[in-house]
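The values are calculated or read from the model by the stated rules, or taken from the named source; none is laboratory data. Keep in mind that what you see is a predicted model, and the values were worked out from it rather than measured. Counting neighbours? That spans all protein chains shown, and the Cβs are built from the backbone with ideal geometry, glycine included.
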Amino acid sequence: MSDIKRYPVKENIGLTTLVNNDQYEAMYKRSIDDSEGFWAEQGKRIDWIEPFTQVRDISFDEHKVNINWYKDGTLNASANCLDRHLATRGDQTAIIWEGDEPTDDRHISYKELHGEVCQFANALKTQGVRKGDVVCIYMPMVPQAVVAMLACARIGAIHSVVFGGFSPDALAGRIDDSQVKVVITADEGVRGGKTVPLKENVDEALTHPSVNTVEKVIVVKRTGANIDWHRSRDIWYHDAIAKESKHCQPAEMRAEDPLFILYTSGSTGKPKGVVHTTGGYMVYASLTHEYVFDYQEGEVYWCTADVGWITGHTYLVYGPLANGATSLMCEGLPNYPNINRVSQVVDKHGVNILYTAPTAIRALMAEGDAAVTETKRHSLRVLGTVGEPINPEAWEWYYRTIGEERCPIVDTWWQTETGGIMITPLPGATTLKPGSATRPFFGVQPALVDAEGNIVEGVGEGNLVILDSWPGQSRTLYGDHERFMQTYFSTYAGMYFTGDGARRDEDGYYWITGRVDDVLNVSGHRMGTAEIESALVAHPKVAEAAVVGYPHDIKGQGIYVYVTLNKGELSADKEVNDALVLELKKWVRQDIGPIATPDLIQLTSGLPKTRSGKIMRRILRKIAENECGALGDTSTLADPAVVDELIEQRVNR
Ligand code: WTA
C-alpha cells in the first residue's frame, strides 16, 4: 500500500474550517462514548414545536428491530427548511435554478420559496390530500419538484419521489406499492436538449389494472407540449394554486412520523420502499451537510443529483435548506450543451461547494481538459463525490483539473437506507487518500465482519456493517417491516448489514470495495439484477436470463446479460440473433427505464448451474469481466461444457 498518495490537510486549504483533526477525533469519541448526550445536543440544531425529552430508543434485535430518535418531540420539516430562516435571511437565495439551456435560470429567495410551498400545500389540501396520505412526485428537475416535496412535508403527507427516467411500468409498481393518492408531474421534462414524456408515462402507468388509488394528477407546464387530458382527474399546477393563500400553518408532526418513501433496488424481489421519518432525519441531514461540506454562511452549494435519488433528497433539499444555504439545482446534463457546462455553471453562480458522482467525473475526464476550457472555477472550495467507488485516476483528475489542487475532496459513502453520509473525510480535518472514503462520521460505528459474522479487528477486509443506530437511519420498508428486518438485520444478528464490502488500512481508513450482493451500481444508480432478469423473462422469446456487472470505464459498472431462448428461437443466422439482442435491450429500456438498458447481451444455449439448479454467478461474473483464466472451481457444475461455450462466445473482449 506504499504507493498510495496522501494529501494532508494543511496543503489544501488556507482558511478556517469547522473542525480540525483533533476536534474531529474528540467529537467522534464523544459521539460514541456518550451517544445520548451527543445527539441530545445535536438535536437542538433544528426547531422543535414540542421539544424532545427522550433521545434514543433502539432495538437492533433481528426479530424486533425498532428504531426511535427524539420520540416525544414534534416538529415540521418544511418549517425547518423555510420558516425559521425568514427573519434572518428571507431575501437570501434559497434555490438557484439553472435550466437545461444556459440562458435559462431563476433565483428563488427563502421568502418566495416559503410562499410557493405554502400555496401549493394549500392546493394539495384542496385536492383532498391529508396527513399520512402518500403523494407521488414524478418530475423533472424544476423548482416545483422541491416545492412539491416541501409542501407535502408541510401538511404531513408522505412524498414518494420517483426518478423521471423510470418507465410507466416501474412507476406503476411504485404507485401501487404505497397506495398513492395524488401524482404530481409535468407535461414533459427537458434534459440535454431532449424531452421526456412524463405526463404520457403517468397516463400509461395509471392504466395498469393494479393501480386504482390515484384520485388526482397535478401537472406542471414545463414545455407546453400537447398532452392527453382527463378532465375529472387532471389539473394544471398553475390552476391548482391560483386561488390559494401564501400562508399555511405547518402540521405538527411527531419525530417518528414518516417524511418520505424512496424506492430503491435490492438483491431480490421488487424495489423496496425505504421509509425515512422526520426528526432524526432532519437532524442528521443538517449536521452532515454542515460538517462534511464545511458549509459556511452565505456559500453557494451545488449537488448535481436528481431529486429522484436519496442524494437529491438529503443534499439538494433537506440538508442545505435546513442550514439556510443557497442550493443550486440544475435541470440538465453535465455535458450539455458543451463539455465544460459544469465549470461554466460554477463560474456563473460562484459555486463554492460541488458535490457530484464519479461517473460524471469520468465522463468529463474522458474529454481531457475540454471540461475546464475558458473557465476559472476560483469560487470552488470543497469538492465531493458519492454513489460509487471513485478510482484514484478520476480522483486525481477531479482534484487537479476541476479543483486546481486547492480543494479537498470528500468521498462520501452512504446509502438510500442510511439517510445521510456515513463514512467521509471532513475538510480541514482529514488527510485524504484518493479512493478511500476514509473515516466514520460522528455517531457512526462501522465494523468489518467475516463470513461467520466475526468482527475483523485492525487492518483487514470484510463485509461492512454498522453496529449502532444513527438518527438518519431508515426505520422500515413501507408496508413490510418483516422484509426490513430480514434484509438488513438478519445476516449478522444485531448489526445493520450494508450489502457492501470494505477494507480497513493501517490508519483505520475505509476503502469500499463494492456490493457483495446482486446489486449493480451503474453510473451511480442502484440496479437489482433480479429486476432486470424479470423484465427479460417476460419477453416471449426468452427462457432464462442472468444479469451480472462488469467494469466499465465511464459507468463504473456495465450490465452484462446472459440469455437462453425458448426452444427454436436461437437462429443459425447471426443477423437474426443480432436483431433480437437489440430488441431485448429496447425491451428492458421500456420496461424499467434507460438506466437499466443492458450494455452487452450474450445469447447462449445454457447457463452454468449447480446440480441443485442454482446459477453460478461467480463464473458468469468472471466471463463478463473477460477473466476467463480465473474461473475457480467448476467441478460442482451440472454441465461443465456450458462454460466452454460461454467463454468462446463471450461478448466483452
Ligand atoms: C455505493 C447513494 C463507494 C455503495 C447515496 C452503496 C459508494 C450504494 C459510495 C448505495 C462511495 C455510495 N464509495 N461506494 N463513496 N457511495 N456507494 O442507495 O455500494 O443509491 O451501497 O445511495 O452505492 O447507493 P444508493
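Side notes on the structure shown:
- Strands (runs of 3 or more DSSP E) completely within region 87-153 that count 1 or more residues being touching a residue at least 12 places away in the same chain (Cβ under 8 Å) and farther than 29 Å from Glu204 by Cα: 93-98, 105-109
- Unmet criterion (only one of (1) in contact with a helix residue (DSSP H, G or I) (Cβ under 7 Å, 6 or more places away or on another chain); (2) within 22 Å of Gly189 (Cα to Cα)) for Asp239: (1)
- Only one of the numbered conditions (1) within 27 Å of the chain's Cα centre (by Cα); (2) assigned by the TED database to the domain that holds Ile623 is violated by Val516, and that is (2).
- Any hit, region 287-294, residues being surrounded by fewer than 23 Cβ atoms within 10 Å (Cβ to Cβ), in the same structural domain as Glu41 (by the TED database), in a loop (DSSP other than H, G, I, E, B) and in contact with a Ser or Thr (Cβ under 7 Å, 6 or more places away or on another chain): no
- Leading residue by the ranking (nearest to the chain's Cα centre (by Cα)) among those in region 355-403 that are farther than 30 Å from Gly298 by Cβ and part of a loop (DSSP other than H, G, I, E, B): Glu388
- Residues located in region 70-86, provided they are in a loop (DSSP other than H, G, I, E, B) and farther than 19 Å from Gly312 by Cα: Tyr70, Lys71, Asp72, Gly73, Asn76
- Residues that are near the ligand (Cβ under 10 Å from one of its atoms), in contact with a Pro (Cβ under 8 Å, 6 or more places away or on another chain) and not small (Gly, Ala, Ser) within region 385-423 comprise Thr385, Glu388, Pro389, Ile390, Val410, Asp411, Met422, Ile423, listed in sequence order.
- Only one of the numbered conditions (1) touching a helix residue (DSSP H, G or I) at 6+ places or on another chain (Cβ under 9 Å); (2) in a helix (DSSP H, G or I) is violated by Asp347, and that is (1).
Here's the yes/no breakdown for (1) more than 16 Å from the ligand (Cβ to nearest atom); (2) outside the structural domain of Arg617 (by the TED database); (3) surrounded by 20 or more Cβ atoms within 10 Å (Cβ to Cβ):
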position	(1), (2), (3)
Ile559	no, no, yes
Asn566	yes, no, no
Lys574	yes, no, no
Leu584	yes, no, yes
Asp599	yes, no, no
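- Scanning region 328-346 for any residue that is within 24 Å of Leu150 (Cα to Cα) and among the aliphatic types (A, V, I, L, M) turns up at least one such residue.
- Residue selection: Gly312 satisfies the criterion of being within 14 Å of the ligand (Cβ to nearest atom) and assigned by the TED database to the domain that holds Tyr263.
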